[in-house]
Each structure stands twice: as C-alpha cells, then as structure tokens.
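Notes follow the structure.
Bear in mind these aren't lab numbers, they're just calculated from the coordinates by the rules spelled out. Owing to the predicted nature of the structure, the values given are computational and were not obtained by experimental measurement. Cβ coordinates were reconstructed from backbone atoms using ideal geometry, including for glycine residues, and neighbour counts include every protein chain displayed.
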Amino acid sequence: MGGGDSDIAPHPEKIKIVATCLVVSVGISLLGFYLKSGAEWRSNWSLSLNKNKKKKKPIRVYMDGCFDMMHYGHCNALRQARALGDQLVVGVVSDAEIIANKGPPVTPLHERMIMVNAVKWVDEVISDAPYAITEEFMKKLFDEYNIDYIIHGDDPCVLPDGTDAYALAKKAGRYKQIKRTEGVSSTDIVGRMLLCTRERSISDSHNHSSLQRQFSHGNSQKFEAGGSGTGTRVSHFLPTSRRIVQFSNGKGPGDDARIVYIDGAFDLFHAGHVEILRLARTLGDFLLVGIHNDQIVSAKRGAHRPIMNLHERSLSVLACRYVDEVIIGAPWEISKDMITTFNISSVVHGTVAENDDFQKEQDNPYAVPIGMGIFKVLDSPLDITTTTIIRRIVSNHEAYQKRNQKKGESEKRYYEDKTYVAGD
C-alpha cells in the first residue's frame, strides 16, 4: 500500500438515507411553519370577524299608530315591522292628535300604551307620538332614536287635508311598507259591537244600523238568524296553521317549570286582560292560557257573544309577551286529567270578570283545582271588561259616527288628488 490519505467512498444507500432524512426534516419544519402561520391567520381573521360583528349597528325600525281597540291585525303589522329590522320602536299617537284627525278614541292613551308594550315583537315605545310624520319629528327619530326606516302598511294613512301622512319619510328614502292584515279593522270591530248589543230600544235601532254602516264603509256583511231577530255577525277571518305558528313562541315548559293556568273568553282583548296575564305570569315559569270556544262563550254570556271568534281571540292572546302557550278551545270545567296532562301547578282567576262562576258553591268550573288546593284568586289591576269597551262605543255612538265620516272625507280627497296612469 502506498503512503498518504486514502479516500473511502461512502456507500450509495447511506447517501440516500441521509438525503431522505434531510428532505423529511425540512418538510416537517415547513409544514409546521405553514400550520402555525395558517392558525395565526385564521385566528386573526376570526378576531377581525368578531370585531366587525360587534361593531355592526342594529337596524332600528319605527312604526306608529293609534292602536285603538288593539286587535290581531295590529299585532301582525308589528310582527312584520319587526322582521324588517333588529329592534322595533313603536310610536303611540296621543289622544289629542287622534281627536283632531279622526275623532275620539275608544281606549285612552294609558290603556293603548299597556297594549302596545305587551306585544312580544315590540322593543321600545314612544308615548304621545304625532299623527303625521313632520320634518321635526322625523329628524328626532333619525338623530335621537337612531331609526333607520319608518314602516307603515299598504293601506293609505290620510291627513284631514287629504295628503299622505308618510310623504316626508318616502321622500327621504327611509320608508318601508308591509302588507295589511285583511279581514279585520277597528272600524269593523265597532260595527260588530253595535250589532251584538241586544240592550237597545227600538228608537235607537236606526242610529245603530246607521253607525254600523258608517264604520263598515258601506260594505255589506252576512248575518245568521239570532233568537231575538237581530242576528249575529259572521267573521270572515280565515285562520291558517302558518299564522298560528308565526304568533307562537314555539317553546314548551322546562322539566321543572311551574306552570300557571288561567282561562277565559278574552274577547275584544284589552288592557284589563293584559294586566291580569302579566300578574299571573309572575307566579310561575310558564303561563298557559285556556281560551273558551265560541259556543261556550255564547252559552255563558249571551247569543251575541263573542264579538271576536275563537281564532281571532287566540292570536291576540298569543301575541302577548306574558303568554307562553294557549289552549285553543279550552274546556269550561277544569278536570283532574287536564291538570295532570299539562302538569299545571296553579290555576288562577281575576277578581274583575264578566261572571262570578269561580265563587259558586255548585257547578263551579274550578271545583277540582279548589279541592286540590291549587286555585288562587288574583286582584285584577284594572277594572275593565269586554262590556266596558262595548258601553264606551254605544254611549258615544254620535261621536264615532262623526269620526268615521271625517275619515271617509279625508280618504276621498286623497284619492281624488292621485293621478293614475293606465297599466300602473
């Protein structure tokens, strides 16, 4: 062997293994860097998204009205308005403004405020709102109440001079329209009330029929023969399962919920009803309301009751924020089986009612819950019944007749000022 350094060539297999290890090592490092960078990027993107979400301003919509003798049509309008935004602010027109533009309201402002505040889709209420949207009030809505859009139904709202009450909002491009609920109006309800009033003299019959025609805009109605020859009205309201679902909470009681039950006709749903429901709701976790069918109400309160039919009454009660669920067509007598089926913890009744059946010794519909020790009588916060509302209408029929004539004249001027183009 010669002297000097000897070169020993590495084995080719070893070179391959080393190279492979280096490639894998670098690959893993790069993958780790990529995953880490990706995770950081996704985290930053997520934080940015959440930040943007937090910054997003809720859409606030405004709807106003008289809300006199509030019914399910009003409630449906408020439901539709709320769907156009995130928060619904409702303006309730003052008594003075209603008198100036339409005539005397049937229900005073404080009762109308109770009704509107109780609607489940309402977030905020403004009292003493003006009848017409003026420049000054519109600026106040936009600047102080942060209103984005002003909402109204597709029926005209006409001022005494024949102009559109929402003209300024439309001009500002901040107006949105919803569909009017067909089949009911305060005007129609007044007509029903007058037709369902049996205690009137023959000399009053002309005034009542004349007033009914005024309030129903001359539209003919169908009647069923009544025992007294005066007849009862037939409602044209057509209930659908979709409408009931729209008004329903869609949630049942929890496993350990204390369920409170209260029943009644809830005809011409008014502030007295709302306040007793509010009080009943405070006694438990879930308020179940039983609504008697038309036959029961007629049998107990006269052939000309109820004024609103079962499904109309059910929707009004369902729209109330204090109500969790209703039984449509509840039985008159509360049985042990019913209490067990619905897991009812307590049955309540208000002191102000159309009748005092809850105080009877015999044939008491609450005999079972009384015997079980779960019946409670609540002091009604307001002394108002359905009869109270009817008496207000009947005693002021001349004023309401003038009110409706004024409304008809305003609408006539509004349509006369409109120019229609064929094909529009």
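General remarks:
- Inter-label distance for Arg258 and Leu238, nm, one decimal - labels placed 7 Å from Cα along Cα-to-Cβ: 4.5 nm
- For the peptides 337-343, 382-388, 323-329, residues were scored by their other Cβ atoms within 10 Å and the scores averaged per peptide; the highest-first order is 323-329, 382-388, 337-343.
- At full extension, Lys251 and Asp161 could sit 27.6 nm farther apart than now, given 0.36 nm per residue minus the alpha carbon distance.
- Cβ-Cβ distance of Glu144 and Ser298, R₀ of 30 Å, FRET efficiency by 1/(1 + (r/R0)^6): the value works out to about 0.05.
- Taking amide H atoms as placed 1.01 Å from N in the peptide plane, the amide H of Asp128 lies under 5 Å from those of Val92, Ser94, each 5 or more residues away in sequence or on another chain.
- Listed peptides 350-356, 259-265 appear in the order 259-265, 350-356 once ranked by packing, highest mean of other Cβ atoms within 10 Å at the front.
- 3J(HN,Hα) from dihedral phi, the range 177-183, Karplus parametrisation 6.51/-1.76/1.60, rounded to Hz, x for glycine, proline: 10, 10, 7, 6, 7, 6, x
- Amide H contacts under 5 Å for Ile59: Asp86, Gln87, restricted to partners 5 or more places along the chain or on a different chain, H placed in the peptide plane at 1.01 Å from N.
- Per-residue HN-Hα couplings for the range 105-121 [Karplus 6.51, -1.76, 1.60; θ = phi - 60°; Hz; x = Gly/Pro]: x, 6, 10, x, 3, 4, 6, 5, 5, 4, 5, 5, 4, 7, 6, 4, 8
- For the range 95-148 versus the range 372-389, the inter-centroid distance based on Cα atoms is 29 Å.
- Taking amide H positions as modeled 1.01 Å from N, with prolines and chain starts lacking one, the residues under 5 Å from Gly153 and 5 or more places away or on another chain are Ile178.
- You can think of it this way: the chain between Met372 and Thr340 has 10.3 nm of extra reach, that is 0.36 nm per residue less the Cα-Cα gap.
- Per-residue extension of 0.36 nm, minus the Cα-Cα distance of Tyr175 and Glu333, leaves a gain of 51.9 nm for this segment.
- Converting phi to 3J(HN,Hα) with the Karplus coefficients 6.51, -1.76 and 1.60 and the offset θ = phi - 60°, the range 139-145 yields 5, 5, 4, 6, 8, 8, 9 Hz in sequence order, with x at every glycine or proline.
- The Cβ shell under 10 Å around Pro253 holds other residues with a net charge of -3, Lys and Arg each +1, Asp and Glu each -1.
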